[in-house]
Structures are given as structure tokens and as C-alpha cells.
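The values are calculated or read from the model by the stated rules, or taken from the named source; none is laboratory data. As the structure is a computational prediction, the values presented were derived from the model and not from experiment. Cβ: placed from backbone, ideal geometry, glycine included. Neighbour counts: every protein chain shown.
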Amino acid sequence: MMAHHAFNAREDVEGEYAYEGEVYWKDKTVEYCDTLLEELGADIEEVTYIEDPWVGGGNAGPAIEVIYKGLELATLVFMSMEQDEDGEYLLKDGNRYSKMDTYVVDTGYGLERWTWMSQGTATVYEAIYPEMIEFLRENAGIDYTEDEEKLVHAAARLSGNLDIDDVDDVEDARGDIADELGVDVDQLRTLVEPLEQIYAIADHCRTLAYMLGDGIVPSNVGTGYLVRMVLRRTKRLVDTVGVDAPLDELVDMQADRLGYQNRDTIRDVVRTEVEKYRETLERGTRRVEQLAEEYAREGEPIPTEELVELYDSHGIQPDTVEEIAEEYEAGVDVPDDFYAVVARRHGQESDDEDDAEDLAPDDFADLPGTDRLYYEDQNRMEFEAVVLDVSERDDGYDVVLDQTMFYPEGGGQPADHGTLSTDDVTADVTDVQQVGDVIVHHADEDPGKGEFVRGQVDSRRRRQHMRHHTATHLVSHAARQILGDHIRQAGAQKSTDSARIDLKHYESVSREQVEEIERLANEYVMQNVPVEQEWVDRNEAEAEYGFDIYQGGVPEGTQIRLIHAEEDTQACGGTHVSRTGDIGSIKILGTERVQDGVIRFTYAAGDAAVEATQRTENALLEAAEILDVTPQDVPETAKRFFDEWKERGKRVDELKEELAAARAGGSGDGEEVEIDSTTAVIQRLDADMDELRATANALVEDGKIAVVGSGAEGAQFVVAVPDGVAVDAGDVVGELASRVGGGGGGPPDFAQGGGPDSEALEAALEAAPDILKQVRNA
RNA sequence: GGGCUCGUAGAUCAGUGGUAGAUCAUCCCCCUGGCACGGGGAAGGCCUCGGGUUCAAAUCCCGACGAGUCCA
């Protein structure tokens with residue numbers, strides 16, 4: 001698509017906008033359009049301009065459609081109104097609009113449509129990527145007779161003329177076209193539909209090639225989510241139309257055509273995503289099958305509620321559900337406004353923002369910009385300066401100097417700490433912020449306006465920040481070498497003890513890859529290459545290194561600061577060590593997947609790396625000491641101990657059961673009473689719940705009613721009743737438990753309960769025969 | 001950024017507070033000349049982790065970790 005724009009402002013609002021006056025408006029725009037079409041070789045007599053008001057995205061205005069030989073080639077939009085409840089104009093979308101202070105020309109010329117027009121192919125798709133269309137048609141086995149080909153050609157041309165705004169129903173439009181061509185609508189559909197799907201595949205593949213080629217990583221959030229949706233839709237189309245080629249191959253055809261260099265990565269991403277989709281579908285299918293079976297059994301249709309759940313939480317489209325449900329002869333209840341129902345489920349979003357600005361820029365507006373000494377010599381930690389201004393705050397003082405060595409918080413690097421001293425006072429600096437060009441030091445004492453101060457930066461803290469900052473560049477660079485060129489930074493944070501960087505990647509990172517990255521990053525450290533900074537014109541920097549230098553965000557200003565470390569170049573305002581060797585070493589502490597498609601690496605550099613390694617080592621040594629083996633033997637020994645522990649657990653269970661059987665058989669210490677013709681055994685064991693249950697089970701095996709109690713942990717009971725005996729175990733336990741201050745219950749043949757009052761256990765058990773009789777009578 | 005769902009045997013999943021289950025896979029036995037199938041049996045569980053509620057938690061509540069999904 002091609003376009004030109006003009007930003008106009010009304011004369012009475014001069015000075016309020018970045019632009020003023022009128023550049024050009026409707027007449028001139030149409031004139032330009034005429035000229036362009038003529039230049040392209042169009043017969044100007046065949047051009048028709050149709051005015052049609054435009055509304056969209058809260059703005060509106062007149063618009064002109066440019067039709068050439070019946071085909072819409074361009075739209076010229078004149079945006080001049082904005083949505084306004086009290087506006088004087090009521091437009092076609094039912095909203096009210098009022099005039100804006102500015103008015104903007106927004107044009108769109110369909111370059112590809114022009115190509116189509118000039119080539120005379122059936123559709124625009126054959127005009128712009130004929131090889132791909134041919135490949136897909138052949139692969140899917142779509143073959144037409146000469147007459148059919150003519151029909152399709154004619155239908156395509158008619159479709160091209162449809163005013164998309166006015167087409168509410170594609171089926172109606174198809175009917176109109178069929179009428180016009182004098183054919184049956186069903187015949188037209190079977191003829192055209194597969195072809196339409198092929199066009200969609202080719203076009204989606206191009207979209208995917210663009211998105212993936214430009215380094216977007218599929219994800220469940222943001223732009224990455226869009227890629228995923230397009231990819232899945234394309235995969236569905238490929239399967240529907242019966243194209244027998246892997247999707248990564250199709251996308252690659254477009255990536256190749258568009259001249260992307262990272263084609264291997266693109267294919268890899270597509271393959272990974274297709275596999276993920278396949279798994280999702282499989283999971284979904286199993287789920288739907290279960291539901292379908294369930295509802296089919298009850299003779300009810302699958303309710304909308306379930307469909308929403310399937311779609312929203314599991315990503316299964318209603319039509320997929322219908323397909324599967326059909327096999328189970330289950331009905332499906334899909335409402336027409338299905339997606340509206342889903343939307344309603346999400347409800348209203350609350351957008352309360354609380355970006356409280358601690359420092360008001362106005363406070364320091366009159367002060368000159370602070371000279372930033374930390375860029376001149378990043379290794380110096382001492383300096384002298386004059387106090388230009390001091391403002392008292394609730395919790396201290398904001399001090400502004402003429403120059404400073406203190407680095408203000410920014411670019412993911414925390415502020416420096418340190419002191420500012422005069423002959424009389426020493427103020428601790430606990431925070432440093434940049435406000436406009438002024439650097440503000442937050443201190444606990446007032447050094448005095450106009451005083452001469454000596455500044456001392458906490459050098460251990462700062463050096464750790466420098467190490468971590470340079471390490472961040474190296475880790476990011478190393479990750480790029482190991483994982484691929486698509487690796488982009490999604491955020492970073494440095495501190496004294498560790499640093500982290502979020503990288504976009506399409507699959508989880510293996511332990512081996514982490515080790516590789518760590519090894520490579522440390523190799524850069526050991527090479528001890530200089531880390532250089534330079535201030536350059538941003539346009540020159542972009543021209544030479546591309547937009548990839550903005551990994552950490554896009555800085556302001558025409559001059560930007562570049563940091564070169566190894567082969568890595570980034571725009572960066574942070575402080576860095578002067579040689580990579582100064583980092584000491586880099587230890588990657590761990591990775592986590594912070595969201596789909598974003599991996600967080602946490603690592604430590606310098607002292608912190610040593611400390612982190614020592615911490616892990618200490619944990620290992622401690623474990624080794626407990627097990628009384630060497631650290632190397634810890635995994636094996638732990639495994640053996642774990643296995644043994646499981647083995648013993650099983651043995652204990654077996655013994656408990658044997659013990660229970662023995663107790664039940666001997667029944668020496670249990671009291672026996674006859675309830676009707678059944679023997680009830682009342683026994684106190686003082687054992688855990690497992691043993692009580694086992695004993696009760698063993699007694700029931702012998703055809704006896706079991707009432708066992710324990711005072712081991714509070715008071716606990718298990719009551720079990722053999723089949724065919726008219727005693728409800730739940731009632732018995734309920735009565736027993738209430739006497740020890742608790743509760744209980746369970747099925748009629750096996751109940752458990754207890755309470756905190758173990759003192760009352762004995763009395764409760766003594767009352768058990770009476771309770772049993774009472775319950776039987778009830 | 002927000003919402004929702006899930007985490008139980010090697011795999012797929014049941015289990016809505018009261019004795020942890022099914023199917024497949026594994027191993028053993030039977031059936032057969034052999035194989036497929038079939039029949040019988042066994043083994044296999046820190047119910048993701050940490051708190052809380054309860055006489056009692058796989059189950060309810062909170063948090064962490066992991067997986068999935070929808071929306072902006």
C-alpha cells in the first residue's frame with residue numbers, strides 16, 4: 001500500500017500543535033491522485049470518484065473512493081471530526097461528532113490492486129505471488145475446466161468491486177454475484193470456496209513471514225498472540241482445503257520471496273507452534289469427547305456455558321465442538337452471538353492508573369542541567385561540586401549540584417548511593433533521580449545552598465552495577481549467538497546482588513543452552529576486550545547498526561550514547577566497566593518463563609557471582625555432611641535414601657495391616673458386646689488413623705462391628721459395620737465425636753471422626769455399647 | 001497488562017471433605033505349534049510445593065512454581 005498524508009491545523013489554534021496552517025485539503029488531494037494515476041498509465045476518463053463519509057476509531061470525516069474500470073484502487077480520507085456526545089453531527093454509526101482543531105489527509109493506494117489491474121489475472125493474489133498460488137492449487141488438486149476458469153475469473157472481478165462496508169453477509173453477496181453471472185449459487189460456492197481458501201492461505205503465510213521475519217515471537221500476550229492466532233487459522237485452512245505440505249514450508253516460500261535472511265529460525269518457530277497447536281487440539285478433542293459422551297447419554301445438548309468454557313479456557317472453537325459432538329450424536333447449542341457471550345464473561349476492564357510523580361519537574365525547571373561526570377570517567381567515584389539548590393522534603397533534602405558523579409536511576413540500573421560532605425556536614429545520599437536535565441540527589445542532611453561539596457560514590461555498590469550492566473549486554477549477546485537472531489530484550493533490571501534480563505524466545509530454554517550461554521558470556525569476559533562508549537548522531541547510529549541497538553528502550557535526543565562490548569552494540573545510558581575482564585565472572589543463577597514467549601535470565605557478576613556460587617556450594621556441602629558422603633555422591637545417595645524411605649513406608653503399611661489383623665484376631669483387649677446377633681468389638685488402640693482403619697477393616701472381615709478409638713493425637717474414632725447390619729456408622733461416630741468436642745462422619749458402613757478432648761475418650765468408649773443400641777433402635 | 005482452566009501411577013484421565021481409582025503401557029502366569037487376540041495376577045503414588053481452615057484436606061481458602069487458554 002502507498003499513502004501520503006497532510007496535517008492541517010485551523011488558523012485560530014496556532015501554537016497549540018506541532019504543525020500550523022493548511023498544507024493541502026480535498027481539491028489538492030484529488031489532484032495528486034489524478035496525477036499519480038496518469039503517471040502510472042491509467043486512462044483518466046475511466047476514473048470515478050465517489051464520495052462516502054468515513055467513520056472509524058473515534059474519528060470521522062468525508063472520504064472519497066477512487067474507482068478505476070470498476071475496481072476500487074484507493075481511498076482518500078479527510079479526517080476532521082472526533083466523537084463527542086454533544087457534537088452537532090450525527091453520523092452513520094449512530095454516534096455524534098464535532099469538528100476538530102486539526103484536519104488530516106489520510107490516503108491509501110492499493111499498490112497490489114494496481115498490479116492486479118495491470119496484469120489482468122483472476123485475482124490480486126495471482127498477480128502478486130503467482131508461484132505460490134499455483135503450488136497450492138496443484139497440491140490441493142484444484143483443477144478447472146476452461147468454462148469454470150472463466151466463471152471464477154468473472155466472479156473474482158465482481159467480488160473486487162464489492163463495497164466491503166456494505167457487505168453484511170458474505171452469502172448474500174455471493175448470491176448477487178451468482179445472479180449476475182447467471183449460475184446457481186451452490187455451484188458457484190463449490191467452485192470458488194476452495195480457491196478462496198487457497199488465497200487466504202497464501203496471504204496468511206505472507207503475513208506470518210513478515211511477522212516472524214521481523215522477529216516477533218509467538219506468545220499468549222501482545223503481538224505474539226496475533227501471530228499465534230494467524231498461524232492457527234492458517235493451519236486450519238491448510239487442513240480444510242487439503243494441502244499436503246508442512247506449514248513451515250509454505251511460510252518459507254513467502255519468507256524466501258520477501259528476502260528474509262533468518263529463514264531457518266522462521267521455519268523452526270512455525271514447526272514449534274504447529275506442534276503446540278496439535279497438542280492443544282489433542283487435549284481439546286479428548287475433553288470434548290468426554291463432554292459429548294456425557295451429554296449424549298443424558299440426551300441433552302452441550303450447553304452454551306460449556307462451549308464458552310471450552311473456547312475461553314481451552315481454545316477450542318465451537319465448530320470443532322460441533323464436529324466432534326456429531327460423532328457422539330450429541331447436540332450442540334451455539335448461540336449466534338457466541339463471541340459476545342465470551343466477551344461478556346470478561347466483563348468491564350478497570351483502568352485506574354496510579355503513576356504518582358514524586359518529583360514535580362516544575363520545582364527544578366529554572367535550574368541549569370547538571371553536568372554528568374559519570375560519563376566522562378566511569379571509574380572515578382570522587383568529585384567536587386557546588387550546591388545550586390536545596391529543597392526540603394518530608395524525609396530529607398533534594399540537593400541539586402552543578403555537576404555530579406552520582407548515576408541517577410534509569411535504564412534498569414538503580415541509583416548510586418554515597419555521601420556529599422562539606423567541612424561541617426556529611427549527608428548520606430540514598431536516591432538519585434533525573435528530572436529533565438537536572439539530577440536530584442536525595443540526602444538526609446542539608447549541605448547548604450552555595451556550599452562547596454566533596455562527593456563520594458559508594459564504589460562497591462556502583463562497581464557491582466557496572467559489572468551487572470555490562471554483563472547484561474554480554475548475556476544478551478551470548479543468548480543471541482546460542483538461541484538465534486530473533487532474541488530481543490523485553491526488559492532488564494540490575495541490582496547489587498544480581499541482575500535479570502527478559503528475552504523473547506519461542507520455546508523453553510534447556511539446561512544445556514543455559515550452560516552454553518553462560519560459557520560464552522564468560523568467554524567474552526576472559527577475552528578482556530575494551531568496552532567503549534561513544535556519542536553519535538542517532539540517524540547515523542540507526543543507519544549503521546539498525547534498530548536492534550534499542551534493546552533497552554529508545555532514548556530521547558538527537559545524540560545517543562552507544563556502548564560497544566565484544567561485537568555487541570547498544571544504545572545505553574548506563575555505566576559500564578572499561579574492559580570485559582573487570583566483570584570478573586558471570587554466573588547464571590536460573591531461568592524462568594515469565595510469560596509464554598518470554599524467558600527471564602537471572603545472573604550475578606563479580607563479587608555477587610562468587611557469593612552466589614558459594615551459597616549453592618554451601619547448600620551442597622551441608623547436604624553432603626548430613627548424608628556423610630562427598631558432594632559428588634550426594635545425588636546418588638539422595639536417590640538411594642529416597643528409594644529406601646519409600647520402601648520403608650510401604651513396609652510400615654504392610655506391618656500395620658498385619659498388626660491390625662493380629663489385633664482383630666486376638667481381640668484380647670477389646671470389649672465385646674452383642675448387638676442383635678452381631679458381635680461388636682470396642683477397642684482402644686492409641687495408634688494413628690491408618691492403624692485404626694486397618695483394624696476396623698480386619699474386624700469387619702470377621703463379620704464384626706468395629707468401634708476403635710485412639711488417644712494418640714487428640715481423640716479419634718473409626719467405626720465400621722459389615723454388610724447387612726442395620727447400624728449407621730456415621731451416626732455412631734457422630735455421637736462418639738461429640739463427646740470429645742469434635743465431629744465426624746462418613747458413609748454408613750465406614751465412618752471416622754474425632755475431637756480435641758482426649759480426656760473424654762475413655763468415657764466415650766465406655767458409652768459405645770449404649771450408643772450402638774440407641775442408633776440401631778432409631 | 002487482565003481473566004479463566006489445569007497440576008493425582010510411565011501415559012491419558014476419574015475422584016466436590018471421610019479406606020487414593022480406571023484404562024493403556026510394564027512385569028509374571030495361563031491359553032496357542034507360533035503370532036495377533038483373549039483370561040488371570042503383580043508392581044507402580046511426598047495426589048507439584050508451602051501455609052491456613054477442620055476431628056479429618058487429593059478435595060475448601062491463600063501463596064509460590066509449572067502448564068494451557070482467551071481478551072486488551
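Just a few scattered comments:
- Some residue of the range A:158-173 being free of Cβ contacts under 8 Å to residues at least 60 places away in the same chain, assigned to a helix (DSSP H, G or I) and over 40 Å from the mean Cα position of the chain (by Cα): yes
- Among the residues of the range A:214-234, those that are assigned to a helix (DSSP H, G or I), out of contact with any Lys or Arg (no Cβ under 8 Å at 6 or more places or on another chain) and not aromatic (Phe, Trp, Tyr) comprise A:Gly222, A:Thr223, A:Leu226, A:Val227, A:Arg228, A:Met229, A:Val230, A:Leu231, A:Arg232, A:Arg233, A:Thr234.
- In the range A:207-218, residue farthest from the chain's Cα centre (by Cα) [restricted to those that are within 17 Å of A:Val274 (Cβ to Cβ) and crowded, with 20+ Cβ neighbours inside 10 Å]: A:Ala209
- Filter pass, A:Glu672 being more than 13 Å from RNA strand B (Cβ to nearest atom) and not in a loop (DSSP other than H, G, I, E, B): yes
Conditions tested, residue by residue: (1) of a type in the set (Phe, Trp, Tyr); (2) crowded, with 16+ Cβ neighbours inside 10 Å; (3) outside the structural domain of A:Ala604 (by TED's automatic domain parsing); (4) in contact with a Ser or Thr (Cβ under 9 Å, 6 or more places away or on another chain).
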{"residue": "A:Arg480", "(1), (2), (3), (4)": "no, yes, no, no"}
{"residue": "A:Ser495", "(1), (2), (3), (4)": "no, yes, no, no"}
{"residue": "A:Arg500", "(1), (2), (3), (4)": "no, yes, no, yes"}
{"residue": "A:His505", "(1), (2), (3), (4)": "no, yes, no, no"}
{"residue": "A:Ser510", "(1), (2), (3), (4)": "no, no, no, no"}
{"residue": "A:Ile517", "(1), (2), (3), (4)": "no, yes, no, no"}
{"residue": "A:Tyr524", "(1), (2), (3), (4)": "yes, yes, no, yes"}
{"residue": "A:Glu532", "(1), (2), (3), (4)": "no, no, no, yes"}
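- Against the conditions (1) touching a Gly at 6+ places or on another chain (Cβ under 9 Å); (2) at pLDDT 90 or above; (3) more than 16 Å from RNA strand B (Cβ to nearest atom), A:Arg232 satisfies every one except (3).
So that you can scan it fast, the table gives a plain yes or no per residue for (1) under 28 Å from A:Ala154 (Cα atoms); (2) under 39 Å from the mean Cα position of the chain (by Cα):
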{"position": "A:Ala3", "(1), (2)": "no, yes"}
{"position": "A:Thr29", "(1), (2)": "no, no"}
{"position": "A:Asp43", "(1), (2)": "yes, no"}
{"position": "A:Glu51", "(1), (2)": "yes, no"}
{"position": "A:Val55", "(1), (2)": "no, yes"}
{"position": "A:Ser80", "(1), (2)": "no, yes"}
{"position": "A:Glu88", "(1), (2)": "no, no"}
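- Applying the criterion of being in a loop (DSSP other than H, G, I, E, B) and of a type in the set (Ser, Thr, Tyr) to the residues of the range A:381-427, the residue that is farthest from A:His441 (Cα to Cα) is A:Thr422.
- Candidates A:Asp628, A:Asp633, filtered to the one that is modelled with pLDDT of 85 or more, more than 16 Å from RNA strand B (Cβ to nearest atom), exposed (fewer than 11 other Cβ atoms within 10 Å of the Cβ) and not assigned by TED's automatic domain parsing to the domain that holds A:Leu772: A:Asp628
- Of the residues A:Arg286, A:Arg267, A:Arg297, the single one that is within 11 Å of RNA strand B (Cβ to nearest atom), in a helix (DSSP H, G or I) and of a type outside the set (Ser, Thr, Tyr) is A:Arg286.
- Qualifying residue in the range A:550-559 (condition: assigned to a helix (DSSP H, G or I) and surrounded by 13 or more Cβ atoms within 10 Å (Cβ to Cβ)): yes
- The set of residues in the range A:293-314 that are closer than 24 Å to A:Tyr277 by Cβ, surrounded by 17 or more Cβ atoms within 10 Å (Cβ to Cβ) and either basic (Lys, Arg) or in contact (Cβ under 8 Å) with a residue 24 or more places away in the chain (or both) comprises A:Ile302, A:Leu307, A:Val308, A:Leu310, A:Tyr311.
- Just one of the numbered conditions (1) touching a Gly at 6+ places or on another chain (Cβ under 6 Å); (2) under 26 Å from A:Met1 (Cα atoms) is not true of A:Arg96: (2).
Yes/no matrix, rows are residues, columns are (1) in contact with a helix residue (DSSP H, G or I) (Cβ under 6 Å, 6 or more places away or on another chain); (2) of a type in the set (Asp, Glu); (3) closer than 21 Å to A:Ala660 by Cβ; (4) without any contact (Cβ under 8 Å) to a residue 24 or more places away in the chain:
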| position | (1), (2), (3), (4) |
| --- | --- |
| A:Ile682 | yes, no, yes, no |
| A:Ala687 | no, no, yes, no |
| A:Val707 | yes, no, yes, no |
| A:Glu759 | no, yes, no, yes |
| A:Glu766 | no, yes, no, yes |
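- Criterion: touching a strand residue (DSSP E or B) at 6+ places or on another chain (Cβ under 9 Å) and part of a helix (DSSP H, G or I) - qualifying residue of A:Thr430, A:Thr472: A:Thr472
- All of (1) touching a Ser or Thr at 6+ places or on another chain (Cβ under 6 Å); (2) closer than 30 Å to A:Thr422 by Cα hold for A:Lys449 with one exception: (1).
- Residues of the range A:93-130 that are within 35 Å of the chain's Cα centre (by Cα) and assigned by TED's automatic domain parsing to the domain that holds A:Ser159: A:Tyr125, A:Ile128, A:Tyr129.
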